[in-house]
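A short worksheet on the structure shown next.
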Amino acid sequence: LGRDEAYIGVLIDDLVTRGTNEPYRMFTSRAEYRISLRADNADLRLTQKGVDAGLVTDLERIAALEAREGMIEDRIDELRKFRLHVTKWAARGGNDLMGGASAHDPKKQHEVKSAEEVLGMPHVTLSAVESIVRDVQTEQQKAATDIMSGQADGDIETEEFSIMDPSPPSIYDTVEASVKYKSYVRRQHKDMASWRKAQGARIPPDVVYDHGALPTLSSEELEKLNLVRPATFADASQISGITPQSLVYLYHHVQARNKKRDRDKMQSISIAGK
């Protein structure tokens, strides 16, 4: 199991590659992919691993997993395909939750958003979005029925309208979390990809390790960095107790510091040239 697949993968990798001089505590902050390591998707992440290893042989359990995967994918696809004007989302769900600035901006009056995009907004729940989708679909079905009732029998075929059922408890949390965390997971993978490419980069020896410069790092991490004074990010990654997210933050801090230094240098040269 890798670091992106399970917390035990993080634990084993930490102990094997870094070791420890004190009792090891499995904090979620040690996992760089912790947004993906959720209780609601544990079966999706690990059951197939058990099947491949011959540990999971119950056919009913395997079939249940496949059915749940299919239901989750189908529901997210339905949410992605259902689209409504932002003004209508706001009117039905409230400006505070589903409206935002777009609902009152004349330039965006014709903007549409999918149910998936609306669910990604803060404080918007899956049940609220599904309720609006059902209401709209019911209204569309009624309107179509009224039109059909005014036509001669056989002249026009009646269009079938599907009404979205509420997500069952077995997939509710996973659908909601998958949609809400989608952008965060994408950014998380992007950060880690850039970090892996930069492990050989040097850390300036005059970097100050304190809460003023690095507010997100813990006191323990700052203490260890001050003690070791790593020369490269690869060296920093080998320090026990330094979390991957802290290393990414340190990397961005050093990058911003270097850019500011280069910018100041160019300004000085420009001023001297005048």
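The values are calculated or read from the model by the stated rules, or taken from the named source; none is laboratory data. If you're wondering where the values come from, they're calculated on a predicted model, not measured in any experiment. Neighbour counts run over all protein chains shown; Cβ positions are idealised from the backbone, glycine included. Protein only, heavy atoms only, side chains kept; ligands, DNA and RNA dropped before computing areas. Shrake-Rupley method; radii C 1.70, N 1.55, O 1.52, S 1.80 Å.
Structure values in brief
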quantity	calculated
Choice from ILE76, ILE147, ILE132 showing the highest fluctuation, given a GNM over the chain with Cα pairs closer than 10 Å	ILE147
Sequence ranges 34-41, 136-143, 111-118, ranked by mean other-Cβ count within 10 angstrom, highest first	111-118, 34-41, 136-143
Nearest-10 value in Å² for the accessible area of ILE271, using the 1.4 Å probe	120 Å²
In order through region 5-14: 3J(HN,Hα) via Karplus (6.51 cos²θ - 1.76 cosθ + 1.60), integer Hz, x for Gly, Pro	10, 6, 5, 5, x, 5, 4, 5, 5, 4
Cross-link reach list, lysines versus LYS265, counting only Cα pairs under 25 Å and skipping chain neighbours closer than eight places	LYS274
Helix-only CD estimate at 222 nm, as mean residue ellipticity for the chain, using -39500 (n - 2.57) per DSSP H run (n ≥ 4)	-18500 deg cm²/dmol
The chain: Cα Rg divided by the 2.2 N^0.38 Å rule of thumb	1.41
nm² value of the averaged projected area, convex hull over the Cα atoms of region 165-274	11.4 nm²
Angle in degrees between helix 169-180 and the longest Cα principal axis of the chain, rounded to the nearest 10	60 degrees
Rounded if a/c under 1.5, otherwise prolate or oblate - region 158-207, Cα gyration tensor axes	prolate
Length-normalised contact order for the chain - Cα pairs under 8 Å, 6+ apart - percent	18 percent
Crossing angle, helix 59-81 versus the chain [Cα axis fit, 0-90 degrees, rounded to tens]	80 degrees
